[in-house]
Structures are given as structure tokens and as C-alpha cells.
Amino acid sequence: MQRKLEKPRVVILGAGFGGLTAAKAMAEFAEVTLVDRHNFQTFLPLLYQVSTAGLAADHVAHPVRGALRKTGVAFRMGSPISVDHKNKTIKLDSSETLAFDHCVIALGSVTADFGVPGVHENALGMKSVHEAITIRAEVMRRFEDLCRFEDESMLSIAVVGGGPTGVEMAGAFAELVRGPLKNDQAHAAAHINIYLIEAGPRLLPSFSESLSARTKRDLEKLGVEVRLNTAVAQIKSRVIEIKDGESIQAQVIIWAAGVQGEPTAARLNLPLVNSRIDVEQSLQVKNYPYMWAIGDIAGIKGKDGRFLPMVAPVALQQGKFVAQQLRRIIKNQPLLPFAYRDKGSMATIGRHKAVVEVKSFKLVGIPAWYAWLFLHLFYLLGGRNKIGTVADWTWNYLTFDRGNRHIMDSM
């Protein structure tokens, strides 16, 4: 005898922006189980500040169970390894099997190497707290080497990728060198070079050309050497080979050139388009109407015919939207197509330096910088994290110092 359901059983894979938003939105009308391989959510937009000693690592991580408190949503720590479509169950690597009526896949993205040899072996990614701490430790360890020898040795830090992550990372490193490291040991700081390498003709290609040019000027004022039209052919140990035959020496290489869909989707044998799950405009997975995909993992196109960007606003909107879709199913109402509402883009370059673009409206300088600070603080989860972040930012601003210059990786 089939079990009579008062509420649909929903399993959500991934506790990022999209998954957590969907879980909270569905809690009222569904039996929701949220699954993630970590017991915390990482606030990815501020991860680069952990790498550059601007924030403590625990300020960008928030316990999933804390975020779900009093919602009635269940949480399981684990990763999916298989889906049984006939019986509608998901097996986790914890050996637990979860039954569902609907499954929402919000697994996010991973670093994309675009087929460039040596990226994973010789460059550092920026998609997790562990990677951020590793970058910080590597930079600080190299700085200590400069301090020890006090000769004319150079430390070169290269950031590959001129999108918002690369721009913010390069600017933050420049300010770290010009402020705290210079105060720690001026001779060593004077021997640090920072490169920002972009294959295309300008930085921030999703922004207007005027803001791209402004960003380049601001970074160069901070001492960053910006290399445009510089496509990477291969990354070796401490060397970046360029396609035109040139090579750039760099002891620390950070890959911020792009992301792709999390590979777990492929292991679950779901239909893919490029590296993302192929979905209908309703966000249902093609051929599997009881499965849904949201956020970076969802291969859905916008009005311009291009795939939606892998950014937090898309995931947040899709998390709320998929909850509305399930409500419509419960009420026997027709499903709607998802339409992304682009609320603009922003990037910070350094103290009092940022760019904001919302359609034809542009904002630069101090007002843009304050807008960036406020918006990121608004979306950061947890009162403790907000207070800690404000404290770190205030200290950094008033003292031109950064108190998180710790070497805390595995060594």
C-alpha cells in the first residue's frame, strides 16, 4: 500500500546559497532534508579576504544546523554517490539512503582549468576555506623567506583571471604588501611583485568598458602589473608559460580564471550541457521532472541566449523560485519559466576603490566601496560572523594593518 503523503519529501543536495535558500523556503510545506559534505556554509564572495589576511577564516563559515534551527529541516553530512530513479532514492557516502518525491541539486561549482596543463598541480584554487588558508600560508611563508635572507631575491605573486575574483584578489594582495607587510619588514615588502593575468582584452569583461578601464588604472596605482591579452598555455612549478612563447616567473600562482559545474552531477548520470545539468526553463532536469537543478550546477540560459553566470544572486533567486514551483505542483497549478532578474554587478579593488554597475547606472570610488561593504555584510550569515567581520574591517581600516597574517596550513 502506497504511503499517503501529507507533505512531499524533498532532498536538497548542497547547502550553498541556492540549497540553503530553497530549504528554508520549503520548510513550511515539505519534509526537507538538506545534504552537504561540510557541516558549514562558506560565504564565497569574501573568501579572498581570508587568503589576503583581511578576515579570519571562521568569519566566512556558518554552521548549517545553526542556519536551519527552528525550521524543521533535517541535515545530513555526506555526498551523493548514486540515484535510484525507479525507487526515488539517493545513496550517500555515509551509507545512508534517502527517499524523496523531489530532489533539488544545488552542488555548486569547482575550479575550471580550461584544459590548461599544470593548473591543478602547480596553481592554487579559491573555492574553499582550506584553499584560502593555503594561499595565505604560502604567501606568508614566502614573505618570511624574504625577511630571512634580506638580499635582492624577489617574490612574485600571479593571479590568473581578470574577473571579479581575480581583481579583488590582486587588489587585496597589493594592499597587504603596501601596508602590513611593509610595516613588518620594508625591505622584503619592496621585493614583492603582483601580476594579474587576463587572456582577454580587458578586466571585468561583464562590466562596461569604462569601468574595466577604471579598474585597471586603480590596480596599477596600487602597484599591480596587469597583463591583458595574455593567454596561459601551461603552468609549471613557479613558471607560467604564455601562448606567445613568453614566460612569467611566479613563486605563488593563484588560478581565478573560471569555474565549472561540480563533477558529482556527472557521476549521478544526469544529462549535462557542458559541465552543468541540462534543465528546462522550469528548472526541472530534462527527462526527470521530479529532479531540479539550481545555482552554478544548473545549465539554464537567459534572454540573451547565454548561460546564466555562476554567481550568488542567480542561486538565491533560483532557490526561492524552485520552492514556488513545488507549491504550484501541490496546488495542481502549471509551472512557470524561470526569469533571472539581474540586479547588477560589483567588485572592490581596494580601500575606497570599487565599481558598481546596475544596467546603465554606474558607481565608482568611495560610494561604490561602501555599497560593496554593506551588501556583502547584509548577505553574510550569522550574527557572530557579521560582528567579527565588522571588527576585522574596522581594525584594518583604522590601523592599515591586518591581524590575520597567520601561517595555519597543514605544515
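Sequence neighbours fewer than 8 away in the same chain don't count; with that in mind, list the aspartates and glutamates whose C-alpha is under 15 Å from K362.
E209, D342
First select every other residue whose beta carbon is under 14 angstrom from the beta carbon of L98; then total the charges, Lys and Arg +1, Asp and Glu -1.
Values: positive: R9, R76, K88, K91; negative: E31, D36, D84, D93, E96, D101.
Summing Lys/Arg as +1 and Asp/Glu as -1 gives -2.
Tell me, M26, M310, M154 in order of fewest to most beta-carbon neighbours within 10 Å? Mind dumping the intermediate values first?
Values: M26 27, M310 19, M154 13.
Lowest count first: M154, M310, M26.
Students often forget the sequence filter, so: which lysines lie under 21 Å Cα-Cα from K24 once same-chain residues fewer than 8 apart are removed?
Output for K24: K7, K70, K320, K331, K386.
What's the center-to-center distance, using Cα atoms, between the range 172-216 and the range 102-164 in Å?
Here the answer is 15 Å between Cα centres.
Loop-only check: which trypsin sites (Lys or Arg not before Pro) in the range 207-239 are DSSP coil with at most 15 other Cβ within 10 angstrom?
Passing sites in the range 207-239 are R238.
Equivalent-ellipsoid semi-axes (√(5λ), Cα gyration tensor) for the range 11-138, whole Å, largest first?
Values for the range 11-138, descending: 30, 19, 11 Å.
Measure nothing fancy, just the Cα-based angle from helix 129-149's long axis to the longest principal axis of the chain, in degrees from 0 to 90, nearest 10.
Roughly 10 degrees, rounded to the nearest 10.
Using a 10 angstrom cutoff on alpha carbons, build the Gaussian network for the chain and name the most mobile of T33, T389, T71.
Greatest mean-square fluctuation among the candidates belongs to T71.
Springs between alpha-carbon atoms under 10 Å, Gaussian network over the chain: tell me which of A22, A315, A231 tops the mean-square fluctuations.
A231
If you line up the long axis of helix 17-26 against the longest principal axis of the chain, both from Cα atoms, how many degrees apart are they, to the nearest 10?
Between helix and principal axis, roughly 30 degrees.
What residue among E175, E138, E96 shows peak mean-square fluctuation when the chain is described by a Gaussian network model with Cα springs under 10 Å?
With Cα springs under 10 Å in the chain, the top fluctuation among E175, E138, E96 is at E96.
As a footprinting exposure proxy, order S94, S128 by other Cβ within 10 Å, with the fewest listed first.
Values: S94 13, S128 16.
Ascending Cβ contact count within 10 Å gives the list S94, S128.
Hey, what angle do you get for helix 164-176 against the long axis of the chain, alpha-carbon based, 0 to 90 degrees rounded to 10?
Taking the Cα atoms of the chain, the angle to 164-176 is about 40 degrees.
Please give the net charge around G72, taking every other residue with its beta carbon less than 9 angstrom from that of G72, where Lys and Arg add +1 and Asp and Glu add -1.
-1
Got a sec to turn the phi values of the range 346-362 into Karplus ³J(HN,Hα) couplings, 6.51 cos²θ - 1.76 cosθ + 1.60 with θ = phi - 60°, whole Hz, x for Gly and Pro?
With coefficients 6.51, -1.76 and 1.60, one gets 8, 8, 9, 10, x, 4, 6, 10, 7, 10, 10, 9, 10, 6, 8, 7, 10 Hz.
Find how much the distance from D151 to Q333 grows on full extension, using 0.36 nm per residue of separation minus their present alpha carbon separation; answer in nm with one decimal.
58.3 nm
Calculate, in nm to one decimal, what F374 and F307 gain on full extension: separation in residues at 0.36 nm each, minus their alpha carbon distance.
Working: separation 67, 0.36 × 67 = 24.12 nm, distance 2.83 nm.
So the chain would gain 21.3 nm between F374 and F307.
Rounded to the nearest Å, what's the spacing between the alpha carbon centres of the range 16-52 and the range 229-291? Just the number, please.
22
Say each of R65 and I366 gets a label point 7 Å from the Cα, pointing the same way as Cα to Cβ; how far apart are those two points in nm?
Here the answer is 4.7 nm between the modelled labels.
What distance in nm separates the simple spin-label points at S210 and S128, each placed 7 Å from Cα in the Cβ direction?
4.3
Bear in mind that the values in this text are calculations on the coordinates, not laboratory data. In this text the structure is predicted, and so the values were computed from the model without any measurement. Cβ atoms come from the backbone with ideal geometry, glycine included; neighbour counts cover every protein chain shown.
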